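The values are calculated or read from the model by the stated rules, or taken from the named source; none is laboratory data. What you are looking at is a predicted structure, and each value in this text was computed from that prediction instead of being measured. Quick reminder, even Gly has a Cβ in these numbers, built from the backbone with ideal geometry, and neighbours come from all protein chains shown. All accessible areas refer to the heavy atoms of the entire protein, side chains included, with ligands and DNA or RNA removed. Shrake-Rupley method; radii C 1.70, N 1.55, O 1.52, S 1.80 Å.
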Amino acid sequence: HTTLTATACEEYEWRGNVYTESGTYVHNYENELGCASSETLVLTINIIKYDIEYVLLDCKSRKYQFIPKNVGKTKGDKIEWNIDGRTFEEDSPEVEMPEGEHKIKLIVTSVAGCTKEFESTLSVTEYFDQYTIETTPQVVSKSHPTIRLYTEYRPNVSYEWDFGDNAYGFDNDVIHTYQINQEQFYDVYLTVTDENNCVEERKIRILVDNTIAPPNVFTPNSDGYNDLFMSGWHIKIFDRKGVLLYEGDKGWDGTYLNKMVPNDTYFYILTDNGVTKKGFITIIR
């Protein structure tokens, strides 16, 4: 009986068999005299297995840290990197990577002298930080409380708007209607997050125009647009003879005693927080 000790990289061939795992193996046979005999192999296999991982350290410079993750059974391995033809001998190099496709190669040498290479490809996208907030209109009021806010569209990017009134939007182009209650302004915050979890933040202040600016024409024709005059404001409406046609804050619908008044010009008195405004409104259908 004989015992053989062997160390190999990845696999070992012995007595017509290929072994890929460490262990003790026995081969039984008859010797030249016809007697039963055996051999024992004590085998150590160096299985080198690594994953290539990376972490983006700096969004603007696109600096990455490359990390060798040992998922095999070797210890004390020597690490070497080849990144786009550049050699790095430290275990976890930090490298600035320009936009584009990059070939990453990890070369691992075990204590036993076994060497194995692992490859990966890193796709680096352009870093974009030129986001600006545009608004239409730039001022809101009770009569015009709806605003459009928009910024640069980029693929694979998430947008979150904080409109400053406990409401939110989630697109690069959003429309929001404020429930205005005498505020002077709303601070709107935009947070943009790209596919690498890089974040850009922007802020804009939307002013509130609390001056009263009623239109001089309205069209109560039940088309769903401009059918009420000054909804939300306390108003009185008079005809040419001074007859009070309407008083309230729900908005005048162009009727008197449940009948439509004729197309004409009417006098109004509008009040809000002690402010009074007088003028004329013309009905056109």
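Residues of the range 191-221 that are under 19 Å from Asp249 (Cα atoms), open to solvent by 50 Å² or more (accessible area, probe 1.4 Å) and in a loop (DSSP other than H, G, I, E, B): Asn210, Thr211, Ala213, Pro215, Asn216. Whenever a residue of the range 213-236 is closer than 20 Å to Thr276 by Cβ, its partners that are of a type in the set (Lys, Arg) and open to solvent by less than 70 Å² (accessible area, probe 1.4 Å), lying with C-beta atoms within less than 8 angstrom and at least six residues away or across chains, give the pairs Gly232/Lys142; Trp233/Lys142. Contact map, the range 116-127: first residue within 30 Å of Asn46 (Cβ to Cβ) and among the aromatic types (Phe, Trp, Tyr), second residue open to solvent by less than 40 Å² (accessible area, probe 1.4 Å) and at pLDDT below 95, Cβ cut-off under 9 Å, separation 6 or more or different chains; pairs are Phe118/Ile48.
Scanning the range 270-282 for residues that are open to solvent by less than 40 Å² (accessible area, probe 1.4 Å) and either within 49 Å of the chain's Cα centre (by Cα) or over 23 Å from Ser141 (Cα atoms) (or both) gives Leu270, Asp272, Ile281. Within the range 251-269, being surrounded by 13 or more Cβ atoms within 10 Å (Cβ to Cβ) and either more than 48 Å from the chain's Cα centre (by Cα) or over 13 Å from Ile283 (Cβ atoms) (or both) holds for Gly251, Gly254, Tyr256, Met260, Val261, Tyr266, Phe267, Tyr268, Ile269. Of everything in the range 222-250 that is touching a strand residue (DSSP E or B) at 6+ places or on another chain (Cβ under 6 Å) and aromatic (Phe, Trp, Tyr), the residue that is surrounded by the fewest Cβ atoms within 10 Å (Cβ to Cβ) is Phe238. For the range 241-258, how many residues meet the condition of being over 17 Å from Leu228 (Cβ atoms) and in a strand (DSSP E or B)? Going through the range 241-258 one residue at a time, the tally reaches 1.
Which of the residues belonging to the range 11-46 are modelled with pLDDT under 90, open to solvent by 60 Å² or more (accessible area, probe 1.4 Å) and either in contact with a Cys (Cβ under 7 Å, 6 or more places away or on another chain) or of a type in the set (S, T, N, Q) (or both)? Answer for the range 11-46, where residues must be modelled with pLDDT under 90, open to solvent by 60 Å² or more (accessible area, probe 1.4 Å) and either in contact with a Cys (Cβ under 7 Å, 6 or more places away or on another chain) or of a type in the set (S, T, N, Q) (or both): Thr20, Ser22, Asn28, Thr44.
Scanning the range 47-64 for residues that are open to solvent by 50 Å² or more (accessible area, probe 1.4 Å), in contact with a Phe, Trp or Tyr (Cβ under 8 Å, 6 or more places away or on another chain) and at pLDDT 95 or above turns up Asp51, Glu53, Tyr54, Val55, Leu57. Among (1) of a type outside the set (A, V, I, L, M, F, W, C); (2) surrounded by 18 or more Cβ atoms within 10 Å (Cβ to Cβ); (3) touching a residue at least 40 places away in the same chain (Cβ under 8 Å); (4) under 30 Å from Asp272 (Cα atoms), which single condition is Ser141 missing? Looking at each condition in turn, Ser141 falls short on (2). If the condition is being surrounded by 16 or more Cβ atoms within 10 Å (Cβ to Cβ), over 17 Å from the mean Cα position of the chain (by Cα) and outside any strand (DSSP E or B), then the range 144-164 contributes Phe163, Gly164.
Residues are listed down the side, and each one gets a yes or a no for (1) in a loop (DSSP other than H, G, I, E, B); (2) surrounded by 14 or more Cβ atoms within 10 Å (Cβ to Cβ):
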site	(1), (2)
Pro68	no, yes
Asn82	no, yes
Thr87	no, no
Glu90	yes, no
Val111	yes, no
Glu117	no, no
Tyr127	yes, yes
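Just name the residue that is farthest from Ser123 (Cα to Cα) out of those in the range 45-65 that are assigned to a strand (DSSP E or B) and without any contact (Cβ under 8 Å) to a residue 40 or more places away in the chain. Looking at the filtered set, the residue picked out is Ile45.
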